[in-house]
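The block underneath contains the structure these notes are about, expressed in structure tokens.
The values are calculated or read from the model by the stated rules, or taken from the named source; none is laboratory data. Quantities reported herein were computed from a predicted structural model and do not represent experimental measurements. A quick note on method: Cβ atoms are made from the backbone with ideal geometry, for glycine too, and the neighbour counts reach across all protein chains shown.
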Amino acid sequence: MNQEKLSLLQLLTAYHPDDSAEQEYKKTILEFLSQYPTNAFERSLEVGHITASAWLVNKDNTKALLTHHKKLDMWVQLGGHCDGDTDPLAVAIKEAQEESGIMKIRPMQHAIFDIDVHLIPETKKEKAHYHYDVRFLLQVEGDEDFVVSEESHTLAWIDKNKENLPTNERSVTRMFEKWTTL
């Protein structure tokens, strides 16, 4: 795939997940985009919104960076809200940079790496809502050290040994399994 900006619809059409959960997520995301064509990428859409995430690997592709997310209190990949940006790959890169402090990040592929739909619980500031998350495989280009942002308790590089994975959350273990079988 060349490096031109592709729409989310194009990316989803080209994505053919083997995982049955992801097959359902693909249908759900396509229905969501059809139902909310003008504001699916806006955080202000209270029922849910498109988000973008990064499975970020080091320059040798031997480790992946996870965050112990403060708000969710769990280990997850880097990522966040699109806030109106309809280019989820660009958002995934920006979020990975913001949450890791690492600036030199590039896509290993421009295609979707993984997708997920998950409920974000209600808080004092917002109602419960869904994140329609589009994930990309990104790689650090240099030797920069990460910096823990305000959104994280901590960050950690994990190797390809599943016993060292700090979570059993299926949306994370699925990406881990894909990565270790590349």
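Considering the conditions (1) without any contact (Cβ under 8 Å) to a residue 12 or more places away in the chain; (2) in a loop (DSSP other than H, G, I, E, B); (3) not small (Gly, Ala, Ser), residue 109 is excluded by exactly one of them, (1). The residue of segment 128-182 that is surrounded by the fewest Cβ atoms within 10 Å (Cβ to Cβ), among those that are hydrophobic (A, V, I, L, M, F, W, C) and touching a Gly at 6+ places or on another chain (Cβ under 6 Å), is 147.
Does residue 59 fit the bill of being over 18 Å from the mean Cα position of the chain (by Cα), under 21 Å from residue 182 (Cβ atoms) and touching a residue at least 12 places away in the same chain (Cβ under 8 Å)? So residue 59 passes the test.
When segment 133-146 is limited to residues that are at pLDDT below 95 and not small (Gly, Ala, Ser), the one that is nearest to residue 60 (Cα to Cα) turns out to be 143. Scanning segment 73-91 finds one or more residues that are touching an Asp or Glu at 6+ places or on another chain (Cβ under 7 Å) and part of a helix (DSSP H, G or I). Restricting attention to segment 13-28 and to residues that are free of Cβ contacts under 8 Å to residues at least 40 places away in the same chain and exposed (fewer than 13 other Cβ atoms within 10 Å of the Cβ), the residue that is farthest from residue 110 (Cα to Cα) turns out to be 20.
Note on segment 84-106: residues that are under 21 Å from residue 26 (Cα atoms) and either surrounded by fewer than 22 Cβ atoms within 10 Å (Cβ to Cβ) or at pLDDT below 95 (or both) total 5. Each residue in segment 3-57 was checked for being in contact with a helix residue (DSSP H, G or I) (Cβ under 9 Å, 6 or more places away or on another chain), assigned to a helix (DSSP H, G or I) and polar (S, T, N, Q), and 1 of them qualify.
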